[in-house]
Structures are given as C-alpha cells and as structure tokens.
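Enquirer: I'd like to ask some things about the structure below.
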Amino acid sequence: MSAPRSPAMDHARAVVERIGRLREERRAVILAHNYQRGEVQDIADFTGDSLGLSLEAARTGARVIVFCGVSFMAESASILNPDKTVLLPVLEAGCPLADMIDAPRLREWKALHPGRPVVTYINSSAEVKAESDVCCTSANAVEIVESLPGDEVLFGPDRNLGLYVRGRTAKRLILWEGYCATHAWVTAGEVLAARRRHPAALVIAHPECLPEVLEVADHVSSTSGMSAFARSSPAREFVIVTEAGILHRLMKENPGKRFHLASTRLLCPNMKRTTLASVADALERMRHEIRVEEGIRVRAARALERMLGTGRGRAGAEE
Ligand code: 13P
C-alpha cells in the first residue's frame, strides 16, 4: 500500500513540475552545489563541487544557467559564459569567506610582495579574480600552485586551504587570513568525539577545516572528492567534516553505507537559502541575472580559464 499523500507533498510535486516545464521553455540547465538542500539537488541537471560546476558551466549548450549555490559560483558561470543568461535564485546567497578580501586590499598585498604569482580560491569576487594570475578550487589547489614558476606564491583568501597546500608543496606560500566560518568553527575535539561515537567510521574532511582537524582525518578532499572516496572505499561508515548538504548525495549514492556529520554546526545558511520555490520563480521571472562588467570579466576569465586548462581542470573534475 502506498503512503498517504499530504497537501505539502502535493505542493512540492506541483513546484517540481513547474520547474520541469519552465526549464524546457527557457532551454535552461540547472546546476547545484553539493551543499544545496536535498530537494534542490534532486531537480538539478548536474550537482557537483566548485571545479565540476565551473567545468559544466563552461561546456553547457543551454542558453540559460540557473545556479543553485552562492553568488561567487553564479558569477564564475557568467564570467565563463558572457553570451548566456546566468540566474541566481536568491540574490542574498553570498559567501562571507569571499567577502574577506577585495580588489583594493589585494592590490596592496601584491605591492608588498612584487613579482609573486597570485593564486585565488574560486570563493572570491570577480574583481578579486581579475587581479589574480590563476584561480583554484579545493580539488586542484596543490596542482595549481605546483604549476606556477618561481618559489613563492601569494595564496588567498582561505588560510586553512593555504596551510593544507603548504604541507604538500616545496613552494613558500604567503597566506591571506580568510576563513570559512562553517568549517573553521569545527574543533578537533568534536571530530575525535564523533570518532568515539562511531569507532568503525573513516573520517573525511574538507581542506577549509583547521589544520588540527585535518590531522585527525583519514581523507581530505573537495566535496565531489568525498563522494568518489565514499563510493570506492570498502568502509561502511563515515564521519563527514563539511557542510551538511553533502550527506544527501552521499546517502543517495551509497544506500548501504552510513554517514554521520561531525558537528551540528556544519551548516552554511547561505547555501540553504535556495528553495524549490525560488528556483521556479527564477525561471518564471528570469531573475536574478548575474552579469560582470566587461573589463573585469575579461581579466577574471583569464584566471578561471587558466585554472580550467590545468591538470584536473583539463581532464574533468568528477572522479
Ligand atoms: P568544493 O569545491 O569542495 O565543493 O567546496 C566549495 C566550498 O565553497 C566549500 O566551502
């Protein structure tokens, strides 16, 4: 016997149908980050990490891209696709880490360290990317740093990711002091307590976590790297140290395995702003269109395209 249907379920189904209709009418593609709400991931054409989403945005044939994520992600899609319409369903979905650096401060920093190449995490504004030599994501940061000439690199804005890279390269990294509050609030004590609660589990952490958290992890990777690791690992149980949204994908892809969030604080309020209703509205009213001023766009595109032309960018992100 099938479960009884509630008015809320009927409403959700109607919104999903509306999205499906509008997606066809607008010839749109829906991209969603791994941290999005489960129901948003489920209606997306592609769900992935920042590298995978950038690659998908660069190669899509669709005329309209609905970006379910935060503003720097939609901005990156628009930088790579100036002839397409990129929509961000909720304009207020920002990234506090990206806001920790701006173009004037980056210019001052560069002036203090002349001649050093600048590697900028994709979690940054278009203006900051325009001042950078190359972008990186958590999936390719080590490789990007290694690909540069010289012994010293300016790396920002995420200090924890920079420290992680520093441990894997002979280059000297000069770091900006930014951080992701969602990741940086988790303590090694919380992760060790989760390990004690789930002694058979492997711990998987994101490189935006504090170094002492990464030290007690069994595996460190981007969000899509976590999905690849969980799928191929013989382990049946995992403690996850990144934003809660990834659990939806992990559980869907691995029905026989168990996933535990290391801390209840692993929630990004900005990633959770996008709802099915806001996606439907974005498609219906063609809002909110994200555009970057052409002079900045061209320079920011250079940094992004240089990243996409390097190593795993060239090969494709999803393992
Ligand atoms: P990923 O590229 O690993 O998905 O990370 C994105 C992000 O913003 C982490 O906070």
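The values are calculated or read from the model by the stated rules, or taken from the named source; none is laboratory data. These figures come from a predicted structure and were not determined experimentally. For neighbour counting, all protein chains shown are included, and Cβ atoms are generated from backbone atoms with ideal geometry for every residue, glycine included. With ligands, DNA and RNA removed, areas are computed over all heavy atoms of the protein, side chains included. Shrake-Rupley method; radii C 1.70, N 1.55, O 1.52, S 1.80 Å.
Enquirer: Determine whether Glu108 is away from the ligand (no atom under 16 Å from the Cβ), open to solvent by 40 Å² or more (accessible area, probe 1.4 Å), touching a residue at least 60 places away in the same chain (Cβ under 8 Å) and not aromatic (Phe, Trp, Tyr). Explain how you work it out, then say what you get.
Expert: Details: away from the ligand (no atom under 16 Å from the Cβ): yes; open to solvent by 40 Å² or more (accessible area, probe 1.4 Å): yes; touching a residue at least 60 places away in the same chain (Cβ under 8 Å): no; not aromatic (Phe, Trp, Tyr): yes.
So Glu108 does not fit the description; no.
Enquirer: Here is a follow-up. Among the candidates Ala93, Ala58, Ala77, Ala62, single out the residue that is in contact with an Asp or Glu (Cβ under 9 Å, 6 or more places away or on another chain) and in a loop (DSSP other than H, G, I, E, B).
Expert: None of the other options fit; the residue is Ala62.
Enquirer: If you don't mind, there's one more thing I want to ask. Of the conditions (1) aliphatic (A, V, I, L, M); (2) more than 19 Å from Ile65 (Cβ to Cβ); (3) surrounded by 15 or more Cβ atoms within 10 Å (Cβ to Cβ), Met251 satisfies every one except a single condition; which number is it?
Expert: (3)
Enquirer: Continuing with this model, one more query. I'm told Ala193 meets every condition in (1) under 25 Å from Lys272 (Cα atoms); (2) away from the ligand (no atom under 12 Å from the Cβ); (3) of a type outside the set (Lys, Arg) except one. Can you identify the failing condition by its number?
Expert: Condition (1) is where Ala193 drops out.
Enquirer: Given the structure, is Phe46 within 26 Å of Ala301 (Cα to Cα), within 15 Å of the ligand (Cβ to nearest atom) and surrounded by fewer than 19 Cβ atoms within 10 Å (Cβ to Cβ)?
Expert: yes
Enquirer: Just one of Ala217, Ala230, Ala193 is assigned to a helix (DSSP H, G or I) and surrounded by 15 or more Cβ atoms within 10 Å (Cβ to Cβ); which is it?
Expert: Details: Ala217 fails: assigned to a helix (DSSP H, G or I); Ala193 fails: surrounded by 15 or more Cβ atoms within 10 Å (Cβ to Cβ).
Residue meeting the stated conditions: Ala230.
Enquirer: Any residue in segment 75-92 that's over 20 Å from Glu284 (Cα atoms): show its pairings with residues that are surrounded by fewer than 18 Cβ atoms within 10 Å (Cβ to Cβ) at Cβ separation under 6 Å, as long as the two are six or more apart or on different chains.
Expert: What qualifies is Leu80/Ala58.
Enquirer: Looking at Leu51 and the list (1) within 16 Å of the ligand (Cβ to nearest atom); (2) in contact with a strand residue (DSSP E or B) (Cβ under 8 Å, 6 or more places away or on another chain), which single condition is not satisfied?
Expert: Going through the list (1) within 16 Å of the ligand (Cβ to nearest atom); (2) in contact with a strand residue (DSSP E or B) (Cβ under 8 Å, 6 or more places away or on another chain), Leu51 breaks only (2).
Enquirer: Another one. Only one of Arg26, Arg18, Arg5, Arg13 is in contact with a strand residue (DSSP E or B) (Cβ under 6 Å, 6 or more places away or on another chain) and away from the ligand (no atom under 16 Å from the Cβ); which? Write out each step before concluding.
Expert: Working: Arg18 fails: in contact with a strand residue (DSSP E or B) (Cβ under 6 Å, 6 or more places away or on another chain); Arg5 fails: in contact with a strand residue (DSSP E or B) (Cβ under 6 Å, 6 or more places away or on another chain); Arg13 fails: in contact with a strand residue (DSSP E or B) (Cβ under 6 Å, 6 or more places away or on another chain).
Of the residues listed, the single one that is in contact with a strand residue (DSSP E or B) (Cβ under 6 Å, 6 or more places away or on another chain) and away from the ligand (no atom under 16 Å from the Cβ) is Arg26.
Enquirer: Oh, and also: If you go through segment 80-90, how many residues are outside any helix (DSSP H, G or I) and open to solvent by 10 Å² or more (accessible area, probe 1.4 Å)? Lay out the reasoning, then the answer.
Expert: So the first thing to find is which residues in segment 80-90 are outside any helix (DSSP H, G or I), and the list is 81-90.
Pick out the ones that are also open to solvent by 10 Å² or more (accessible area, probe 1.4 Å) and you get 82-85, 90.
Qualifying residue count for the region: 5.
Enquirer: Take the residues in segment 233-248 that are touching a Lys or Arg at 6+ places or on another chain (Cβ under 8 Å) and free of Cβ contacts under 8 Å to residues at least 60 places away in the same chain; name whichever of them is most open to solvent (accessible area, probe 1.4 Å).
Expert: So the residue we want is Arg236.
Enquirer: Please enumerate the residues belonging to segment 277-298 that are crowded, with 20+ Cβ neighbours inside 10 Å and of a type in the set (Val, Ile, Thr).
Expert: Correct list: Val279, Ile290, Val292.
Enquirer: A follow-up question, please. Looking at Thr274, Thr264, which one is within 25 Å of Asn81 (Cα to Cα), outside any helix (DSSP H, G or I) and either open to solvent by less than 30 Å² (accessible area, probe 1.4 Å) or out of contact with any His (no Cβ under 8 Å at 6 or more places or on another chain) (or both)?
Expert: Values: Thr264 fails: within 25 Å of Asn81 (Cα to Cα).
Just a single option satisfies the conditions, and that option is Thr274.
Enquirer: Checking Cys180 against (1) touching a residue at least 60 places away in the same chain (Cβ under 8 Å); (2) hydrophobic (A, V, I, L, M, F, W, C); (3) more than 16 Å from the ligand (Cβ to nearest atom), only one condition comes out false. Which one?
Expert: (3)
Enquirer: So how many residues does segment 121-144 have that are within 16 Å of the ligand (Cβ to nearest atom) and either free of Cβ contacts under 8 Å to residues at least 60 places away in the same chain or over 19 Å from the mean Cα position of the chain (by Cα) (or both)?
Expert: 5
Enquirer: Could you list, in sequence order, all residues of segment 124-182 that are open to solvent by 20 Å² or more (accessible area, probe 1.4 Å) and assigned to a helix (DSSP H, G or I)?
Expert: Within segment 124-182, Glu127, Val142, Glu143, Glu146, Arg159, Leu163, Tyr164, Arg166, Ala181 qualify.
Enquirer: May I pose another question? State yes or no: is Leu175 closer than 23 Å to Ser125 by Cα, within 13 Å of the ligand (Cβ to nearest atom) and free of Cβ contacts under 8 Å to residues at least 60 places away in the same chain? Reasoning before the result, please.
Expert: Numbers: closer than 23 Å to Ser125 by Cα: yes; within 13 Å of the ligand (Cβ to nearest atom): no; free of Cβ contacts under 8 Å to residues at least 60 places away in the same chain: yes.
Judged against the criteria, Leu175 is not a match.
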